[in-house]
Amino acid sequence: MTELNELYQEVILEHSKAPRNFRRPATANHSAEGYNPLCGDRFTVFLDLEGDAIRDIGFQGAGCAISKASASMMTQSVKGKTKAEAEKLFNEFHKLVTGAAANGNGADLAKDLGKLGVFAGVAKFPVRVKCATLAWHTMQAALEGKQEAVSTE
Amino acid sequence: MNSTVHQTGIELPANGRSAAVHPSTHPPLDVAKIRRDFPILDQAVHGKRLVYLDNGATSQKPRAVIEAVAHYYQHDNANIHRGVHALSMRATDAHDEARETVRRFLHAGQTREIIFVRGATEAVNLVAESYGRANVRAGDEVLISAMEHHSNIVPWQILCEEKGARLRVAPINDAGELILEEFEKLLGPRTRIVAVAHVSNALGTVNPLRTIIRLAHDRGIPVLVDGAQAAPHLPVDVQALDCDFYAFSGHKVYGPTGIGVLYGKSELLEEMPPYQGGGDMIRSVTFEKTTYNVLPYKFEAGTPDIAGAIGLGAALEYVMNLGMDRVAAHEHDLLEYATAQVSAVEGVRLIGTARERAGVLSFVVDNVHPHDLGTILDREGIAIRTGHHCAQPVMERFGVPATARASFAVYNTRDEIDALVSGIRRAHEVMG
């Protein structure tokens, strides 16, 4: 498989074309906007938080295939999780896409991340890390209740 | 160096670049030979031959430029306008000579009208801060166009905010052309300056400068031209244009980064207050009073980018030797070819279809985000720019978050455009 095919895996392309949870949940009580000025990607992540639990999550916006698929799969992964679990997942996802996973506990990481493991190919494309993490940074901001828009620059 | 300069009186008509080009009277360029002048082009990227189509961001440098900069540091480096020693005199002479080369390139009347700056951005900032602060007051207006690069928007916004003035924006049509009737309507009694691009970096539109300038001058309003995307592609004659200021960046015209030019009419520059204070821009200093140096030094505080100016001089000599009219003809051919080939690819939509364009082909591809396209092309060894091109209002005007932009230089070939087309088809495959 070429590096390009590793990046644009079937699952990723499929999510980018038909993103899941691509909506604003009616019960949303937290949101944040994320923006990548480099390429114009812009997403809003909506959360329905009850205490520490993410009861529902959705997103809206526009971006490249990587950022959109990442947002879509993120919403599936964190729905029903606690804040702390979601943040731990982001931490591990970040390690995966930046290639930090390759220098050690790569196997453990892939296991923890489950389906998100398809983003491992991003590590070979350092300029695309921002695309893969934009929605995650935005979710983190929404969790923390930050007011200003998240920017990757 | 002058007999080879094609100053044939061919001046770009304000609204017709193709008419400025007479390929029949000028033999075509030997592009294979030109390519050998650019050492960087001879390399593989991801195992593929490099196809560099990001010239709108920055151009590559011919050996003549690289060697001029290296020669300066190896043999002549010294500070200018100060020493009585041999090196300082050589450095000063070389710096002066570069300024004279810029004058010839722009067809300016006087060498003292050429101010060295860091780039087109600094040139616009200089005019906004110096001319603008001296002449724009509360309630006044600054008029720009809807196709400007951020660097020809933000300095005026800062000025207007500070002064309580109003920034007016002349609209563009769906092809990306300035709507002249609207522009004319916006020229009012409070308009203090007009600032427009010669060529749009995001759309490639060539603006009808002569008309714009005539309309403004009829009302006594000076015009600044942002020539960053024009100077590499078209012959520029500031006297024929009758513009009041003309800005360009050296690095987009085969010169080094960090050096650029502001041309200004001497009568305006004489009246303007200094931009920055420091060495070289003063005649005498006491704690009570400083008298400023004459043009152009009044606007060049501090030790300048001497090597950069020398490198820029070498770059402009290089293109003048080729002949800017022949450069324009070659690039016109490339752009016509690219327009036909790229727009024929399924799902491609061109952004910017002005009748007169130069240097730039901006487009979007159905189901392939520009950023994904950029990554896929990169793996084919093809460098293009993807994003908003520092022209977010233009993106908004066309309802796209970003575009892919292929931009051409004198060393590009039809083969490279064929490679681009194959690359776009490959992107369709990868993205399914």
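Derivation of every value follows stated rules applied to the coordinates shown; laboratory data play no part. Since the structure is predicted, the reported quantities are computational estimates derived from the model, not experimental observations. FYI the Cβ positions are ideal-geometry reconstructions off the backbone, even for glycines, and counts take in every protein chain you see.
Tally Lys/Arg at +1 and Asp/Glu at -1 over every other residue whose Cβ is under 14 Å from the Cβ of B:GLY250; what's the total?
Surrounding charge for B:GLY250 is +1.
If r is the Cβ-Cβ distance from B:LEU268 to B:ASP93 and R0 is 30 Å, what FRET efficiency results, to the nearest 0.05?
0.60
Add -39500 (n - 2.57) for each DSSP H run of 4 or more in chain B, then divide by its residues: what number comes out at 222 nm, to the nearest 500 deg cm²/dmol?
One gets -10500 deg cm²/dmol as the mean residue ellipticity at 222 nm.
Quick check on chain A: take the gyration tensor over C-alpha atoms, sort the square-rooted eigenvalues as a ≥ b ≥ c, and tell me if it's rounded (a/c under 1.5), prolate or oblate.
Prolate is the answer for chain A, as a/c is 1.5 or above and a/b outweighs b/c.
Please list, by residue number, everything in the range B:243-286 whose backbone N is under 13 Å from a paramagnetic label point 7 Å out along Cα→Cβ of B:ALA78.
none
With springs only between Cα atoms under 10 Å apart, run a GNM on chain B and tell me which of B:ALA57, B:ALA128, B:ALA197 wobbles the most.
With Cα springs under 10 Å in chain B, the top fluctuation among B:ALA57, B:ALA128, B:ALA197 is at B:ALA57.
Percent antiparallel among DSSP beta bridges with both residues in the range B:221-277, to the nearest 5?
60 percent
Relative contact order of chain B: what whole-number percent is it, with Cα pairs under 8 angstrom and at least 6 residues apart?
24 percent.
Taking A:LYS111 as the anchor, which lysines have their alpha carbon closer than 25 Å to its alpha carbon, excluding any fewer than eight residues away along the same chain?
Partners within reach: A:LYS68, A:LYS79, A:LYS81, A:LYS83, A:LYS88, A:LYS95, A:LYS124, A:LYS130.
Could you state the number of Å between the C-alpha centres of the range B:89-160 and the range B:325-361?
Comparing the Cα centres of the range B:325-361 and the range B:89-160, I get a distance of 29 Å.
DSSP beta bridges in the protein assembly as shown, what fraction antiparallel, as a percent rounded to 5?
70 percent
Round to a whole angstrom and tell me the spacing of the C-alpha centers of the range B:189-220 and the range B:258-289.
So the separation of the two Cα centres works out to 26 Å.
Would you tally the net charge around B:TYR297, using a Cβ to Cβ cut-off of less than 14 Å, leaving B:TYR297 out, and scoring K and R as +1, D and E as -1?
Around B:TYR297, the surrounding residues sum to 0.
In nm, to one decimal, how far is the modelled label at A:ARG23 from the one at B:ARG63, with both set 7 Å along Cα→Cβ?
Inter-label distance under the simple model: 6.5 nm.
Which of the three applies to chain B, rounded, prolate or oblate, going by the alpha-carbon gyration tensor with a ≥ b ≥ c and a/c under 1.5 meaning rounded?
oblate
Alpha carbon centre of the range A:5-62 versus the range B:399-432: separation in Å?
29 Å
Let me check against my output: what whole-number percent is the relative contact order of the range A:1-148, with C-alpha pairs under 8 Å and at least 6 apart?
Rounded, it is 30 percent for the range A:1-148.
Quick one: if you stick a label point 7 Å off each Cα along the C-beta vector at A:THR2 and B:GLN43, how many nm between them?
Taking the simple label geometry, A:THR2 and B:GLN43 are separated by 2.1 nm.
Per-residue ellipticity at 222 nm for chain A, helices alone: DSSP H runs ≥ 4 residues times -39500 (n - 2.57), over residue total, nearest 500 deg cm²/dmol?
Calculated at 222 nm, the ellipticity per residue is -13500 deg cm²/dmol.
Would you mind calculating the gained length between B:ALA175 and B:ALA134 on full extension (0.36 nm times residue separation, minus the Cα-Cα distance), in nm to one decimal?
Contour length minus Cα-Cα distance gives 11.1 nm.
Can you give the FRET efficiency for B:GLU162 and B:GLU336, using 1/(1 + (r/R0)^6), R0 = 45 Å, r = Cβ-Cβ distance, to the nearest 0.05?
0.50
Checking the a/c ratio against 1.5 first, then a/b against b/c, what shape does the Cα gyration tensor give for the range B:66-320?
oblate
Roughly how many nanometres apart are two label points built 7 Å out from the Cα toward the Cβ at B:ARG355 and B:ASP415?
3.6 nm
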